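K.L.:
Structure incoming, see below.
All of the numbers you see were taken from the coordinates with simple rules; none came from a lab. Just so you know, these numbers come straight off a predicted model, no measurement behind them.
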Amino acid sequence: MPGRVKQYIMFDIDGIDLSITENKVKTFDKMWNEGCSVSEIAFKLQRKKNEVILLAQDRFLRGKIKERPGQMKGTKPWKNPYNNKIRVEA
């Protein structure tokens, strides 16, 4: 159907949104294979860290990603841009 965004849906848990677009899954796979940490991937995808961890587990069980050095922390250094800054949300 034209104009329809494909969703990748695992399952539903209260407070955690596990529906994610196909493009974001591709971005996740790419960043995972590059060695990015789960925290960096969550920041890039604008998702909760727990959502990304569950996505990683699902992708691994489906054979879409492999274990990697550093596991969830990855191997690529990353500094959260919100560290050392005051962040106020309304």
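K.L.:
Mind scanning Lys30/Lys76; Lys44/Lys79; Lys24/Lys79 and naming the pairs with a C-alpha gap bigger than 18 Å?
P.N.:
In this structure, Lys24/Lys79 lie more than 18 Å apart at Cα.
K.L.:
Return the long-range amide H neighbours of Thr21 (sequence gap of 5 or more, or a different chain), with a cut-off of under 5 Å between placed amide H atoms.
P.N.:
Under 5 Å from the amide H of Thr21 lie the amide H atoms of Tyr8, each far enough along the sequence or on another chain.
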